[in-house]
C-alpha cells in the first residue's frame, strides 16, 4: 500500500507538477533569507496567547474557585467537581438512583450519543455524494461546479437553516400535509419537529457538507489508473472498494468526522431552535449555569465537554494517522 | 467488443443511480431553505407553514420597519463591520504565519498546535472562558473587542491552512532570482511573493469574513450591549416565529451568496493574473 500512496497523483489536489529536487534544495539551503521569523509570528502569537490560551487556562483555574456574595473568590475547591460527578444515593443499593450517573454525566453521554449517530448518518449520506463527485463525474469543471452546489447552503447562517425546517417538519408542515393527503395518517404527527427525529435531521442537513469536503478531496486524489489496473486484473467492484478506494479515502473520512464531531459536541443553538429547549445538550447546560451566574460550575461542565472531545479526537486519530497520510 | 457492452450498461446504471441520489441529496439540503424563501412572501394573514394565503411583500416590509425587538439593520451593519475586521486580520495573520513556517524555528510545533486548537475548541467554551475572565477583570465585553478577539481565533486556522497549502506549492526560486538581482526583502515581497500568493490571501480573507458573519456560539456571551445579526436572529426565534424571520433568513442568505460571488469573482481574476 505504501507504494500506491507514493505514486504521483493526477487527481484534483495532486494535479500540479511535483516539485523537483532543485526547488527543495533551494528551500532548505537559504534559511537565513526572508523576513525575520520573530516579526512574522509575534502579532499572531500574542493574539493566540491572549485570546485563546489565557481564556482556556482561566477556565481550568475558575473551575476550582468558589462562589461568594461578591462574585468569584480564589480557592482550591473540588465542590463543583463533586456536584458534577456525585448523585445522592449513588452508593446506596436501596435508593432508586443506585449507580445512576449524575444528570450532568448523562447529559454529556446523550450529547456524545447524538453526535455519534449524526456522524454516522453524515457518513452514510455524504460518502456516496463524495464518491459520485470524485469517481463518476469525469470533467474537473463539473466536479467543482457540483461540489460548490453542495457547499452553498453551508455559507448561510446555521440558525436560519435550523429554523427553515419548521415549514417542512412542523405540525402543519409539508411532510405532515403530504402524509395526510396520501391518507397514511389521520391526524398530523408531532414527532417530526421538536423531537429527536427533527433534531437529527436538521443536524445532518447542516453539517453533512463538512464531511463531504474532505472525503471528496481524498477520493479525488486516488489515481484512476490504479482502479483501471485492478479491474483489468479481474477485481470485482466490491474488492476494488475494499482494497483501494476504502483505505485510500480513510484520511478524508477521518478529517470529515473530526470536523462534524467538534461542531456537534459544542452545539446548542440548533437544540434550542429545533428541539424547542425540551432537551439539554452539554452546550446548553454550560450556558444555563452561566446565565444563573454559577461560573465555577459552568467551567466544570465546559472542561468535561472539552475532555470528552479530546478523547473523541484521539480515538479518531488512532484509527488513521492523518499526518502520515497527508 | 461484444464482451464489454454489458459492462458499459452496468456502468451507466451505476452512474444513473448515483445521479438520482445526488439530486435527492440536493433536495434535502436545499428544500427547507427553498420553502422558507417561498413562505417569506406569505400573505398578511398567513402563517409560518403552507398553504400560502395570498402573496405579499408584507413581511419583507416589516423587516425594514424599525421594530420593538432588536434592530435588525443595526445588527446587520455591526455583523458586516465585524466580519470585515476579521477578514483583514485573518488574511494578515495567516499570511505572516505561513511565511514564518517556510523556515523551521523553535517551538514551531507548539505554535502549529496552538493555531489548530482554535479550530478544535467548542465556541461555547472559549466564549465562556473569555466572559468569566472579562468579568473578573472588570472589563465590559463588546462585539468589536472581545467578539473580534475570538472570531479571529476561530477563522485563523482556516486561513492558515489555506496559506500553508499555497506556500507548499510556491516556487522559491523566483524569490531567489529577485534576491540575486539585488532586491531587498521588501521589494521581493512586494514584487514577487505577494502577487503570486494573492489568490490565497483572498481565500483566507473569505474564510474570515463568512465564518465571522455567521458566528453565533463565540459571540453569544461576548457581544456586550449590542447584538450582531446571528444573535438578533436567535433573539427573534425565542419569540413566536413569524414569516418576518423567513424574510430575514432569505435576505441574509442572499447577502452571503452575494459576498461569496464577489469574492469568487475577485479570486478568479487574481488567479488568472497570477498565472
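Laboratory data are not the source of any read-out in this text; all were calculated from the coordinates shown. Owing to the predicted nature of the structure, the values given are computational and were not obtained by experimental measurement. So basically every Cβ, Gly included, is an ideal-geometry build from the backbone, and we count neighbours across all protein chains shown.
Quick check: from the Cα gyration tensor, does region B:72-274 come out rounded (a/c under 1.5), prolate or oblate?
It comes out oblate by the Cα gyration axes.
In deg cm²/dmol, rounded to 500, what helix-only [θ] at 222 nm does chain B give when every DSSP H run of at least 4 residues adds -39500 (n - 2.57) and the total is split over its residues? Mind showing how you got there, number by number?
Numbers: 11 runs with 195 residues, N = 275.
Per the formula, -24000 deg cm²/dmol.
Once you have the Cα-Cα distance between residue A:33 and residue A:46, take 0.36 nm times their residue separation minus that, and quote the gain in nm to one decimal. Don't jump to the answer; show the numbers that get you there.
Details: separation 13, 0.36 × 13 = 4.68 nm, distance 2.39 nm.
Stretched out fully, the residue A:33 to residue A:46 stretch lengthens by 2.3 nm.
Per-residue mean of other chain beta-carbon atoms within 10 angstrom of the beta-carbon, peptide B:105-118? Show your work: numbers first, answer last.
Values: counts 5, 1, 2, 2, 0, 1, 4, 0, 0, 6, 4, 0, 4, 4.
For this peptide, the per-residue mean of nearby foreign Cβ atoms is 2.
Can you give the extra length, in nm with one decimal, that the chain gains between residue B:112 and residue B:7 once fully stretched, where that is 0.36 nm per residue apart less the Cα-Cα distance?
Numbers: separation 105, 0.36 × 105 = 37.80 nm, distance 4.91 nm.
That pair, residue B:112 and residue B:7, stretches by 32.9 nm at full extension.
Based on the Cβ-Cβ distance of residue B:165 and residue A:241, what FRET efficiency does E = 1/(1 + (r/R0)^6) give at R0 = 30 Å, to the nearest 0.05? Kindly include the intermediate steps, with their values, before the conclusion.
Numbers: r = 28 Å, r/R0 = 0.95.
Approximately 0.60, to the nearest 0.05.
Between residue B:180 and residue B:264, take the C-beta separation as r, use R0 = 30 Å, and let me know the FRET efficiency to the nearest 0.05. Each step should come with its number before you reach the end.
Details: r = 37 Å, r/R0 = 1.23.
Taking R0 as 30 Å, the efficiency between residue B:180 and residue B:264 is 0.25.
Which one, B:30, B:21, B:113, has the greatest fluctuation when you compute a Gaussian network model over chain B with C-alpha springs under 10 angstrom?
Residue with maximal mean-square fluctuation among B:30, B:21, B:113: B:21.
Shielding by partners for B:29-42, please: the mean number of other protein chain Cβ atoms within 10 Å of each residue's Cβ.
Working: counts 14, 6, 6, 16, 8, 3, 7, 8, 1, 1, 3, 0, 0, 1.
Per residue, the average neighbour count from other chains is 5.
If packing is taken as the average count of other Cβ atoms within 10 Å, what order do B:54-62, B:130-138 fall into, highest mean first?
Values: B:54-62: 15.0, B:130-138: 17.7.
In descending order of packing, they fall as B:130-138, B:54-62.
Which of the three applies to the protein assembly as shown, rounded, prolate or oblate, going by the alpha-carbon gyration tensor with a ≥ b ≥ c and a/c under 1.5 meaning rounded?
Taking the square roots of the gyration eigenvalues as a ≥ b ≥ c, the protein assembly as shown is rounded.
Work out the FRET efficiency for residue A:310 and residue B:239 from their Cβ-Cβ distance, taking R0 = 35 Å, and round it to the nearest 0.05. Provide the component values of the computation, followed by the final result.
Working: r = 38 Å, r/R0 = 1.07.
E between residue A:310 and residue B:239, to the nearest 0.05, is 0.40.
Go ahead and collect, in residue order, the members of region A:47-63 whose backbone nitrogen is under 15 Å from a label point 7 Å along the Cα-Cβ direction of residue A:76.
A:61-63
Roughly how crowded by other chains is peptide A:38-49, in terms of the mean Cβ count from those chains within 10 Å of each of its Cβ atoms? List each step's numbers first, then the result.
Details: counts 2, 2, 11, 10, 2, 5, 15, 8, 0, 7, 10, 1.
That average works out to 6.
Going 7 Å from the Cα of residue A:184 in the Cα-to-Cβ direction, what parts of region A:198-232 have a backbone nitrogen less than 20 Å from that spot?
A:198-205
Counting only C-alpha contacts under 8 Å and six or more residues apart, can you give the relative contact order of region B:4-58 as a whole percent?
Rounded, it is 21 percent for region B:4-58.
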